[in-house]
Amino acid sequence: MSTQTLAYTDEVAAQTAPLFEKLSKQYKREHWETIAPYIYEINRLKREKNAVILAHNYMTPDVFFGVGDIVGDSLMLARKAAETDADIIVQCGVHFMAETAKMLCPEKKILIPDMKASCSLSESMNAEDLRGLKAKHPGIPVVTYVNTSAEVKAETDVCCTSSNALTIVNALGAQGHDTVIMAPDMYLAQNVAAQTDVKIIYWEGSCIVHERFTPQDIIDARKTYGEDLVVLAHPECPPNVMAEADYAGSTAQMDDYIKNKQPRMAMLMTECSMSDNIAANNPNVEMIGTCQMCPHMKRITLPKILEALRTEQPEVIIDPEISARARVAVERMLEMS
Ligand code: 13P
Ligand code: SF4
């Protein structure tokens, strides 16, 4: 069946009606009638092929709520990839996330709807860069953010995500290491350094989304919205932004905070779709701009997901020797966090 011929039938309308109601602030009816047939067909194909969709918190609401089976932050997606008994995993996120899933499930077919869905952090450092950094600081353990390629992970002692970076660094400290190398996100490293006695040597990579936020964004928003506004920031933001925020956490930790505390107004210093998804789940919380768009995450769309499922391409393949070495660092992280 061609993806151009998908129709908004009575069956599609009936099946997707509850979701449309939930997302009625995000999608107008005319738009929904073009989206819903994709959601219907993707979900049908998933069942037919025993496939599962892992969707990161930065996916747009149509993907996140419409077709995501497992949703969450990068740590949660890695954990769940390791547990699923599906034959096919479609990674709706960026390439390093799909690689992590492949390392943890080498026997499964891992698809990513757009191979170009990269990440400025993983692009900021290659394996040779990390080997050079290690040569300058021999004997110092290396912690790399999961936002790295398999080749970089293969040079790593233990990985971390934004939700467990401090735990991992402190665990290394408790093992007697007074210094660690943390790469490639300098802001995550600086934000962790502010909360630990372990000395951190960092690489100067940054996220093109989170580096754009400024403390002034928060100061201005507080002037406009007053004391009811709660500001949550992702630890990829610069330290001066974190200092102005009320709470810092990974995408899943921010999601949990809003779900549990139900503030009257909240502003997220992170990617735009995250606010849309939280707004749909928390109708009593008013979500305030600002946000920044990740061009890599936004490459993942319903038509591309459908095409990936139909053709079972593009498939993520990793050199088995690199994958086995990289997997050790990811598994160590899962054990330590
Ligand atoms: P999380 O692990 O918090 O989901 O972050 C991943 C990411 O790429 C944030 O920009
Ligand atoms: Fe990478 Fe930043 Fe996009 Fe996350 S938001 S995938 S860190 S570029």
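Just so you know, all these numbers are worked out from the coordinates, no wet-lab data involved. Since we're looking at a predicted model, the values are computed, not measured. Heads up, the Cβs are rebuilt from the backbone with ideal geometry, glycines too, and the neighbour counts pull from every protein chain shown.
Observations, loosely collected:
- Take the Cβ atoms of ASP256 and ALA194, set R0 to 25 Å, and the FRET efficiency comes out at 0.65.
- The alpha-carbon positions of the range 192-271 define a convex hull whose volume is 103 Å³ per residue.
- Counted over the range 196-337 with a bin width of 5 Å, the fraction of Cα pairs per bin, in whole percents, is 2, 8, 14, 15, 15, 15, 13, 10, 5, 2, 0.
- Calculated FRET efficiency, ASP319 to ASP10, Cβ-Cβ distance, R0 = 41 Å: about 0.25 to the nearest 0.05.
- Contour excess over end-to-end distance, with Cα ends at LYS223 and ARG79 and 0.36 nm allotted per residue: 47.8 nm
- Packing-based exposure ordering (other Cβ within 10 Å, fewest first) of HIS234, HIS210: HIS210, HIS234
- Note that the range 196-212 has calculated 3J(HN,Hα) couplings of 9, 8, 6, 6, 10, 9, 10, 9, 9, x, 8, 8, 5, 8, 6, 5, 7 Hz, one per residue in order, obtained from phi through the Karplus relation 6.51 cos²θ - 1.76 cosθ + 1.60 (θ = phi - 60°); glycine and proline are x.
- Normalised by the number of residues in the chain, the mean separation of alpha-carbon contacts (under 8 Å, six or more apart) gives a relative contact order of 21 percent.
- 20 Å binning of all Cα-Cα separations within the chain, expressed as whole percents from 0 upward: 31, 56, 13, 0
- Residue pairs exceeding 32 angstrom between C-alpha atoms, taken from LYS102/LYS134; LYS80/LYS136; LYS109/LYS298: LYS80/LYS136.
- Using just its DSSP H runs of length 4 or more, each adding -39500 (n - 2.57), the chain gives a mean residue ellipticity at 222 nm of -14000 deg cm²/dmol after division by all residues.
- For THR290, nonlocal amide neighbours, meaning residues 5 or more places apart or on other chains whose placed amide H falls under 5 Å from its own, are LEU268.
- Spacing of the two label points (7 Å from each Cα toward its C-beta) at GLU33 and LYS136, in nm: 6.0 nm
- Under Karplus coefficients 6.51, -1.76 and 1.60, residue-wise ³J(HN,Hα) of the range 57-63 in Hz, glycine/proline x: 4, 8, 5, 5, x, 4, 6
- Semi-axes of the equivalent ellipsoid of the range 259-301 are 21, 11, 7 Å, computed as sqrt(5λ) over the eigenvalues of the C-alpha gyration tensor in descending order.
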